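Notes for the one structure printed next.
Each reported figure results from applying straightforward, stated rules to the coordinates on display, with no laboratory input. The structure presented is a predicted model; accordingly, all values stated were derived computationally and were not measured. Positions of Cβ are backbone-derived with ideal geometry, glycine not excepted, and every protein chain shown enters the neighbour counts.
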Amino acid sequence: MSNTSKYKELGVDPGKSNVRKIFIKYIANDYPDAFVNIVTDPENIGNVFTMHTDGDGSKIVQRVLHYLETGDATIFQGAVDDAISMNTGDIAASGFITGKWVVTDVININAMNIPKDIIMEQVAKRFSELINIYKENGFDMFYFLGGETADLPTQISSMVFDVGIYARTEKKNIVAGNVRPGDKIYGFASNGKASWEDTDNSGMMSNGVTLARIDLMHRKYAEKYPFLNNKECAYRGKYKINDKPKILNGMTVSEAILSPTRQWAIVIKGIVEKLKEKNKLSLLHGISMNTGGGATKIGHVGSGILYKKIMPKVPPIFKLIKEESGDSWRNMFETFNCGVGIDVVGGNNPEFRKILKEVSEEVHVKMFDLGICEQFKGEKNKVEIETPYGFFNDY
């Protein structure tokens, strides 16, 4: 079997390594070991700020297909969950859970192919609901300022939905990525049903969706909806939207693909606040949200660290993708979170673990003891993962 990722064969770089190499010398960043780029406020050196932009990726294409086949317009609401979490989760991983969040969105759409007004109504409705969910969970600094909607019929075939967020907080709140040899690694499950969620989550989150869609969705959709794919990325699977393979335990294939990225900022806020209450915040050294780079994403936090992880049982959706795509498990763990949505790294201290466990039980998100950090003498960090399907140490 070729070690070339099936995801890369579809034109997607799971770890975005080339992008990092190209832009690293131009990006302003005062905290290079943290999860996101952070700058000290030149007008108030006690404060820091960040700006982050992301979206729900090609999940929106799956939403369009789902809508065209079922007529269920509410499926577009999930685009807001994914786009918001891909931003708030990332910045929360670096400590931005207090201060101010200013959120805007950009919708690039081809209204000749998809129902623009219906989508806009669903997006607006979910924005309102999600802001309330954040407020109910202690976030009182969430400001949505609208955004831009561009009709681009000659540039895109369906739609792109992105969100930008500007955040600021006090410097003392930053999770700076000061990971040390001897630190312990913990994880929180991407699947299941969190306390604020209405339905079970497959754990898919928002990376690897192109591979999932192409290899799971029935090849007939390539002919029926040519604007949703092209010759190089045409549907080649065997499942229809409402098919329920036994492995998914009652969930349809499309529901599994479209399970929203969990609002990880809520979990992280719970961790930070409980650590502060017990004067243990100094034990928290790093957090990663396992999107681009999957189970190896923690390698972007800290410096001079070998992350040695033992991965838990893989949720069914990833087993199905592996089976249908034929990709290697080595590549699967780099492309997908494979069941662990965030990694939390901190001191090897029983009180630290106890606090994480308390938060896990409060938010109904399973916690895992993943491993330990060791010193690594190299230009960048290294990640080794032991999985139910083999040991992989070349990340």
- line: Taking Lys and Arg as +1 and Asp and Glu as -1, residues besides Tyr31 with C-beta under 15 Å from its C-beta add up to -2
task: Quick one: compute the contact order of the chain, relative version, from alpha carbon pairs under 8 angstrom and 6+ residues apart, as a percent.
output: 23 percent
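Classify region 336-393: rounded, prolate or oblate, from the alpha-carbon gyration tensor (a ≥ b ≥ c, eigenvalue square roots; a/c under 1.5 rounded; otherwise prolate if a/b is larger than b/c)? Each step should come with its number before you reach the end.
On the way: a/c = 2.51, a/b = 1.43, b/c = 1.75.
Oblate, since a/c reaches 1.5 and b/c is not below a/b.
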query: Among bridges DSSP assigns within region 6-392, what percent are antiparallel (round to 5)?
result: 75 percent
message: For a quick check: sort Ser195, Ser259 by the number of other beta carbons within 10 angstrom, fewest at the front.
response: Ser195, Ser259
- prompt: How large is ³J(HN,Hα) for each residue in region 250-258, as worked out from phi by the Karplus curve 6.51 cos²θ - 1.76 cosθ + 1.60 (θ = phi - 60°), to whole Hz, x for Gly and Pro?
  reply: x, 8, 6, 4, 5, 4, 5, 5, 8
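With a 10 Å Cβ neighbour count serving as the proxy for reagent exposure, in which order, fewest first, do Glu197, Glu358 appear? Walk me through the numbers on the way to the answer.
Values: Glu197 18, Glu358 15.
Listing Glu197, Glu358 from fewest to most nearby Cβ atoms yields Glu358, Glu197.
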- prompt: Under a Cβ-Cβ cut-off of 11 Å, what is the net charge of the residues other than Glu255 that fall near it, where Lys and Arg count +1 and Asp and Glu count -1?
  reply: -2
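Return the loop-located GluC sites (Glu not before Pro) in region 38-130 (DSSP other than H, G, I, E, B) with at most 11 other Cβ atoms within 10 Å of their own Cβ; answer none if there are none. Mind showing how you got there, number by number?
Working: sites: Glu43, Glu69, Glu121, Glu129; in loops: Glu43.
Listed in order of number, the matching sites are Glu43.
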- prompt: Taking H as built 1.01 Å from N, whose amide H comes closer than 5 Å to the amide H of Asn201, not counting residues under 5 places away?
  reply: Gly192, Lys193
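Mind checking the full-extension length gain between Leu152 and Glu223? Use 0.36 nm per residue of separation minus the Cα-Cα distance, one decimal, nm. Spell out each step's value before the answer.
Details: separation 71, 0.36 × 71 = 25.56 nm, distance 2.31 nm.
The span from Leu152 to Glu223 would gain 23.2 nm if fully extended.
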statement: In this structure, the FRET efficiency calculated for Lys25 and Ser282 from their beta-carbon separation, with R0 = 30 Å, to the nearest 0.05, is 0.40
field: Gly341 long-range amide H proximity, modeled H, under 5 Å
entry: Phe188, Ala189, Ser190
task: Compute the distance in nm between two label points, each set 7 Å from the Cα along the Cα-to-Cβ direction, one at Leu68 and one at Ala111.
output: 1.9 nm
field: Under 19 Å from the Cα of Lys6 - lysines, other chains or at least 8 residues apart
entry: Lys16, Lys59, Lys231, Lys238, Lys297, Lys319, Lys322
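Would you order Met367, Met204, Met51 from fewest to most other beta-carbon atoms within 10 Å of each residue's own beta-carbon?
Listed from fewest to most nearby Cβ atoms, that is Met51, Met367, Met204.
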Extended-chain gain in nm, criterion 0.36 nm per residue less alpha-carbon gap, Lys377 and Asn132: 83.6 nm
- request: Return the distance in nm (one decimal) between the two label points of a simple spin-label model at Lys354 and Asp200, each offset 7 Å from Cα along Cα→Cβ.
  value: 3.4 nm
task: Show the residues, 5+ positions off or on another chain, whose built amide H is closer than 5 Å to the amide H of Ile310.
output: Gly371, Glu386
